[in-house]
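Read through the structure below, which is laid out as structure tokens, and then see the notes.
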Amino acid sequence: MTAAENVCYTLINVTSDSEPPSEVSLKTDLEKGEIKAKTEALKKVIIMILNGEKLPGLLMTIIRFVLPLQDHTIKKLLLVFWEIVPKTTPDGKLLQEMILVCDAYRKDLQHPNEFIRGSTLRFLCKLKESELLEPLMPAIRACLEHRHSYVRRNAVLAIYTIYRNFEHLIPDAPELIHDFLVNEKDASCKRNAFMMLIHADQDRALDYLSTCIDQVHTFGDILQLVIVELIYKVCHANPSERARFIRCIYNLLQSSSPAVKYEAAGTLVTLSSAPTAIKAAAQCYIDLIIKESDNNVKLIVLDRLVELKEHPTHERVLQDLVMDILRVLTTPDLEVRKKTLQLALDLVSSRNVEELVIVLKKEVIKTNNVTEHEDTDKYRQLLVRTLHSCSVRFPDMAANVIPVLMEFLSDTNEAAAADVLEFVREAIQRFDNLRPLVIEKMLEVFHAIKTVKIYRGALWILGEYCSTKEDIQSVMTEVRRSLGEIPIVDNEIKKETGEVKQEDEVSAAPAQKLVTEMGTYVTQSALSSSRPSKKDEDRPPLRGFLMDGDFYVAASLATTLTKVALRYVAIVQDKKKQNSFVAEAMLIMVTVLHLGRSSLPKKPITDDDVDRISLCLKVLSECSPLMNDIFNKECRKSLSHMLTVRLEEEKLSQKKESEKRNVTVQADDPISFMQLTAKNEMTSKEDQFQLSLLAAMGNTQRKEAADPLASKLNKVTQLTGFSDPVYAEAYVHVNQYDIVLDVLVVNQTSDTLQNCTLELATLGDLKLVEKPSPLTLAPHDFANIKANVKVASTENGIIFGNIVYDVSGAASDRNCVVLSDIHIDIMDYIQPASCTDAEFRQMWAEFEWENKVTVNTNITDLNDYLQHILKSTNMKCLTPEKALSGFCGFMAANLYARSIFGEDALANVSIEKPIHLGPEAPVNGHIRIRAKSQGMALSLGDKINLSQKKTNI
């Protein structure tokens with residue numbers, strides 16, 4: 001093993017501005033200084049050795065003047081010093097001086113102070129020289145019988161590491177530790193001893209567990225965790241043992257420790273697929289989510305429940321626990337609530353949908369009563385969407401849900417009200433029997449609607465679905481009530497003049513002089529009444545919108561009035577009543593037009609709205625059958641078609657999901673033998689403990705990599721040329737928040753290279769964690785150097801640097817080899833995600849950084865180009881497939897992705913195929929990228945530019 005691969009147990013922070021002291025001054029301090037001076041000198045020596053300095057002259061000084069001292073701080077520092085100091089000569093033989101050190105540590109192992117004994121035993125775990133350990137073995141064995149548990153548990157660890165590395169030094173270690181475990185009472189010592197037996201002699205560990213299996217629930221949590229791991233490993237290797245230990249796992253589900261419960265539930269699921277086992281594990285997970293206060297823990301355990309649901313046989317068991325899962329909604333965190341509602345919605349069935357709807361209705365009402373919190377509105381939106389989905393899947397529930405939700409149309413939060421409106425629109429179209437109820441509730445809340453967008457939608461619904469004479473008259477009454485007295489212009493002018501007269505009549509109170517903070521006088525009249533704001537408050541809602549200059553709602557009103565007037569003419573036979581109703585509708589439209597042309601509104605009416613209202617006036621004046629069909633039939637057909645398409649898409653996506661989950665086995669499928677199966681093929685047969693450890697260390701293989709070796713080779717970057725004296729190449733491993741560079745350095749010369757150092761620097765939002773330590777490379781030798789780089793945000797980064805070294809025996813300056821740049825790809829952090837159209841539009845408006853990329857490619861097909869962009873950017877296309885199908889010469893699509901840091905990236909692809917240039921003409925157009933940060937927008941643009949140029953079709 002090379003020096004660079006040695007495991008480092010000690011990390012010491014070094015101040016960069018401190019000057020390295022001379023060896024002579026250090027020697028003086030170590031020989032003649034006081035305890036404090038010796039401590040400081042020893043610290044400096046440790047730092048210098050960690051930085052690659054060789055200080056062989058100080059070794060004997062430390063042995064003579066520092067090693068005999070009894071000061072505890074000195075003893076702690078010496079343990080660090082002996083860990084890092086070179087203990088062998090260049091030819092690999094142990095230094096003679098180490099015999100003296102060995103004798104000193106034998107005395108420390110017999111020291112009356114338990115701290116010194118324990119810390120010395122911990123130090124011995126780190127030694128890799130068997131010659132040093134051999135004389136200490138009797139003293140280490142004796143420490144197993146020490147009165148203090150700190151010494152005993154460290155003695156067990158020391159014996160375990162020595163047995164693992166040098167079995168010949170203590171061949172009877174498993175037997176010795178088993179006897180120690182039987183008689184031991186301390187929980188931490190038992191845990192360490194049991195852990196050693198699991199890894200060193202599993203049969204002895206099982207023998208011990210068999211003797212005390214009924215007392216497992218009384219053990220401490222640290223020992224219970226190790227027992228769970230042993231049971232998992234044994235049953236994983238030998239499935240016939242399951243029946244023997246499954247009762248023990250059931251008992252551990254009742255443990256007082258959340259960690260033990262979590263591991264026991266996970267183990268139980270892997271050991272048994274019986275409904276009782278799955279139910280017990282799921283119930284345990286739900287209890288953990290409710291009782292744990294940490295939101296991260298809640299999300300992790302919810303993920304376990306989601307994984308359980310993915311299994312078809314487990315899904316039915318979880319369906320019975322939906323009401324228990326909904327208890328998690330008491331958590332105030334929005335992410336936890338979001339995941340819980342999604343899980344509940346996936347598990348809902350005809351058996352439990354009624355109970356689910358009752359709970360959700362209560363939650364919706366609760367959000368109305370609580371004091372406004374920033375997440376309350378978003379939570380209400382989530383609840384509305386969940387109820388919407390329930391009603392679509394189970395139409396019988398819609399009648400219960402609609403009355404509660406329609407109260408929220410008057411909500412000040414436009415997003416939640418818009419979701420309710422969308423739900424109501426779909427319900428009234430799909431469920432004919434609910435139309436009278438929806439119309440009745442809509443007319444009740446109509447006057448209370450506060451936002452113009454919701455008002456427009458409500459007008460459309462009333463105009464489209466009011467079919468009886470009474471309902472049509474009610475709509476007209478509500479419109480007149482919402483509009484106020486007409487004609488509007490005359491009424492507003494009268495109000496203005498009326499207020500002036502009133503102000504004349506008001507007797508002004510004496511003026512009051514006030515002094516400001518600056519010492520100047522100001523005069524305040526008592527007649528500064530807030531009449532205008534009162535006037536604004538008194539205005540009916542629709543008049544308020546029009547006075548603010550929002551005439552789009554006027555166009556919507558004109559369409560609604562036209563629809564109901566045409567329907568009224570068809571229903572009512574009395575000509576006088578027909579003419580009266582149509583005239584009233586036309587009067588309203590004309591007065592709105594008059595208002596738009598006047599100077600009273602804040603903004604004048606637009607030409608589009610004038611055209612729309614004028615068209616409606618023309619339609620009402622002529623009343624032709626064709627226009628009647630367009631207004632009263634074609635509009636509804638369009639909505640029906642849109643809802644049908646959306647429902648088909650949802651069914652298709654659900655079908656795809658169910659196909660993924662239902663594993664079908666064909667008669668001619670190859671049989672998988674466990675011994676011959678590659679690791680990534682049978683995840684259920686893998687060691688879950690090992691997988692979780694690898695995940696924590698960031699060593700998991702990416703799922704899309706079919707061959708792990710191939711994917712690893714793709715990440716190798718050559719840093720120097722083959723003719724350079726030092727050849728280097730790096731394997732770039734990207735974890736979630738850091739990048740590990742595994743650099744292979746090869747000495748291609750016939751000289752020994754001393755102090756060979758990899759010097760790195762970064763560009764972008766990257767930060768080097770630690771400086772790699774120097775190496776000495778023998779002729780034609782090689783070594784691996786690892787360097788960690790922290791990542792803070794999603795943007796392209798560059799790592800650059802050089803390798804510097806000294807040639808042994810040469811008098812020249814240090815040599816330097818400059819390395820090629822390593823480009824960190826943004827795609828390692830971007831994952832496809834989905835969002836609603838409304839959320840996309842909102843983010844598009846909010847994000848300030850935009851990058852416009854011109855399409856420059858040799859791809860000739862629009863769809864092929866879009867698929868290529870999706871593949872190269874890891875983004876997801878939000879535009880439905882049906883909208884992209886067919887060929888019309890141009891294409892527009894919205895793309896969305898999210899980084900692992902939670903940053904959103906939006907893109908709009910607008911491309912066309914210039915037909916006049918022939919069938920082989922390449923696609924052209926633009927891609928607009930928007931993101932919150934500049935780095936992400938630029939990096940995505942660069943990625944698209946690069947991938948366009950690389951394409952060859």
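The values are calculated or read from the model by the stated rules, or taken from the named source; none is laboratory data. Nothing here was measured: the structure is a model prediction, and the numbers come from that model. Using ideal geometry, Cβ is built from the backbone for each residue, glycine included, and neighbour counts are taken over all protein chains shown. Just the protein is used for accessible areas: all its heavy atoms, side chains included, with ligands, DNA and RNA removed. Shrake-Rupley method; radii C 1.70, N 1.55, O 1.52, S 1.80 Å.
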To the nearest 0.05, how large is the calculated FRET efficiency for residue 836 and residue 614 if R₀ is 51 Å and r is the Cβ-Cβ distance? 0.90
How large a share of the accessible area of segment 712-824, in percent, is made up of carbon and sulfur atoms when the probe is 1.4 Å and the other protein chains stay in place? 50 percent
Pulled fully out, how much extra length does the chain show between residue 306 and residue 324, if you take 0.36 nm times their separation in residues and subtract their Cα-Cα distance? 5.0 nm
If you roll a 1.4 Å probe over the heavy atoms of the protein chains, what accessible area per residue do you get for segment 828-949, in Å²? 51 Å²
Accessible area of segment 244-355 with a 1.4 Å probe: how many percent of it is carbon plus sulfur? 50 percent
Distance in nm between residue 141 and residue 73 label points, each 7 Å along Cα→Cβ, equals 3.9 nm
Taking square-rooted eigenvalues a ≥ b ≥ c of the alpha carbon gyration tensor, is segment 285-359 rounded, prolate or oblate, where a/c under 1.5 means rounded and, failing that, a/b exceeding b/c means prolate? oblate
Note: residue 917 to residue 815 extended length (0.36 nm per residue) minus current alpha-carbon separation gives 30.9 nm
Per the rule of 0.36 nm per residue minus the C-alpha distance, extending residue 579 to residue 928 adds in nm 120.3 nm
How many nm separate the modelled label positions at residue 334 and residue 22, each set 7 Å beyond the Cα in the direction of the Cβ? 6.5 nm
Arrange the residues 245, 722 by how much accessible surface each exposes, largest first, with a 1.4 angstrom probe. 722, 245
Based on the Cβ-Cβ distance of residue 856 and residue 218, what FRET efficiency does E = 1/(1 + (r/R0)^6) give at R0 = 60 Å, to the nearest 0.05? 0.25
Accessible area per residue in Å² at 1.4 Å probe, computed on segment 712-824: 49 Å²
Evaluate E = 1/(1 + (r/R0)^6) for residue 641 and residue 351, where r is the Cβ-Cβ distance and R0 equals 25 Å; express this FRET efficiency to the nearest 0.05. 0.15
Heavy-atom accessible surface of segment 828-949: percent carbon and sulfur, 1.4 Å: 50 percent
What pairs in 575/637; 309/338; 441/563 have C-alpha atoms more than 23 Å from each other? 575/637
